[in-house]
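In what follows, a single structure is set out as structure tokens and then discussed.
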Amino acid sequence: MEEWHPGSFTKNFSWGRSNQGLKELYDIIRLGFDNEISDVPRAVFRQRVSASGRPDYIPLNFFLYNQVRNGVDFVVFDELAFQAVTSRHSAHFDRLALFAFNLSKVGRWKRAASYQDRPALWAFHYIADRVNKDFNWESKRISANDIEKFVSSDSRYVGKTSRKLATNLNYLYRVGRISDYSSPKPERWWLSALFLTLDRTVEPDQIGTGQLADAALIGYLMRMGFSQIGGKRSIAKDIATTYFTNLYSACGGRIRFSEDRILDREKVLVPNHLSNAPPEKSIVGVFHPTNPGAKNSLPSACKILARYAAGFEVFDTEDLDDFDVESYIKHQTEQALSSLKAKGIKPAISSDELMKITRGE
């Protein structure tokens with residue numbers, strides 16, 4: 001039988017001022033990874049954080065992803081770490097980090113108890129069963145009292161008390177912006193959450209040198225309860241799921257963080273577009289032509305795979321939140337029209353004739 005353990009979450013983490021969201025977590029992630037896009041030994045991560053005087057058990061045991069390799073504990077660089085290291089702190093990060101907590105999939109490390117790979121199942125089920133099903137994402141109905149009642153009344157909870165857990169969790173939901181989860185749009189944090197779920201469920205060797213079918217990846221998302229904890233469901237999100245799982249597969253899952261392995265992947269999937277030029281920027285922005293508003297960032301090494309293997313539009317950007325998609329599309333359209341004009345290509349029919357065709361006249 002599944003058991004819910006409170007763990008060290010009942011201890012105060014000192015999140016800082018509430019108007020800063022999860023900035024303390026953001027800073028610890030950047031510090032632990034030393035702003036590098038690579039996995040790091042867990043011991044090294046802890047040393048870096050401890051030198052700052054900040055506790056590391058909450059970030060490591062509830063938010064980040066761990067693996068044991070050849071007897072050594074590692075903290076895995078995944079989508080949550082990528083967004084922290086490559087982007088400024090924002091509401092996007094707070095929502096994503098909160099999702100990581102609710103997902104409660106943190107992997108394994110030596111000497112970890114058997115239940116610690118899913119340390120916050122009480123949070124997962126509170127969101128999936130209470131906020132999603134009962135509240136329909138009306139976040140105003142969330143309270144410490146309701147969380148305490150939900151947790152303490154479930155036979156799977158094995159803690160002696162649930163009050164401290166409930167008050168801490170209620171605070172985390174407030175500063176992590178659970179109220180924004182009611183949006184039906186496939187926003188940036190939600191797209192990152194999709195990648196994060198797959199990062200912690202699918203190992204790169206499961207994808208191999210080809211592309212894993214969208215249906216297989218969507219199956220992984222369903223089994224992890226992605227749609228149950230990822231905010232209000234919508235047709236737009238369902239459509240975006242298909243395109244972005246294809247993008248995830250094209251980029252090789254977590255291989256997207258390794259430039260050398262990305263080059264090997266390009267040789268297989270898009271050999272005619274292979275470029276050995278080093279990336280000029282750490283990230284690129286991407287969106288699918290069917291929904292330019294659903295945009296997110298990728299490591300710049302993935303730009304060729306995103307464009308030619310997954311059919312995404314790719315653009316260089318310093319800050320994705322400041323990027324104006326409408327202006328970009330207008331500029332690209334003007335360039336295409338200028339190119340056609342320079343080549344002497346002209347329409348064979350008038351605009352009135354085209355309108356009649358589209359109307360079926």
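The values are calculated or read from the model by the stated rules, or taken from the named source; none is laboratory data. This structure is a prediction, so every number in the text was calculated from the model and none was measured. Note: ideal-geometry Cβ built from the backbone for every residue, glycine included; neighbour counts use all protein chains shown. For accessibility, only protein heavy atoms count, side chains too; no ligands or nucleic acids. Shrake-Rupley method; radii C 1.70, N 1.55, O 1.52, S 1.80 Å.
Can Asn35 be described as at pLDDT 95 or above and open to solvent by 20 Å² or more (accessible area, probe 1.4 Å)? Talk me through it step by step, then tell me what you get.
Details: at pLDDT 95 or above: no; open to solvent by 20 Å² or more (accessible area, probe 1.4 Å): yes.
It is false that Asn35 is at pLDDT 95 or above and open to solvent by 20 Å² or more (accessible area, probe 1.4 Å).
Kindly check whether there is at least one residue in the range 128-144 that is on the phi > 0 side of the Ramachandran plot and free of Cβ contacts under 8 Å to residues at least 12 places away in the same chain.
Among the residues of the range 128-144, not one is on the phi > 0 side of the Ramachandran plot and free of Cβ contacts under 8 Å to residues at least 12 places away in the same chain, which makes the answer no.
Kindly indicate whether Ser192 is hydroxyl-bearing (Ser, Thr, Tyr), surrounded by fewer than 19 Cβ atoms within 10 Å (Cβ to Cβ) and more than 24 Å from Asn12 (Cα to Cα).
no
Step by step: first the residues of the range 39-53, then only those that are modelled with pLDDT of 95 or more and not in a helix (DSSP H, G or I), then the one that is least open to solvent (accessible area, probe 1.4 Å). Which residue is that?
Val40
From the residues in the range 55-85 that are without any contact (Cβ under 8 Å) to a residue 40 or more places away in the chain and not aliphatic (A, V, I, L, M), which one is farthest from Thr201 (Cα to Cα)?
Asp56
Please go through the range 41-68 and give me each residue that is under 22 Å from Leu103 (Cβ atoms) and either in contact with a strand residue (DSSP E or B) (Cβ under 6 Å, 6 or more places away or on another chain) or among the charged types (D, E, K, R) (or both), ordered by number.
Listed by number, the residues that qualify are Arg42, Phe45, Asp56, Leu64, Tyr65, Asn66, Gln67.
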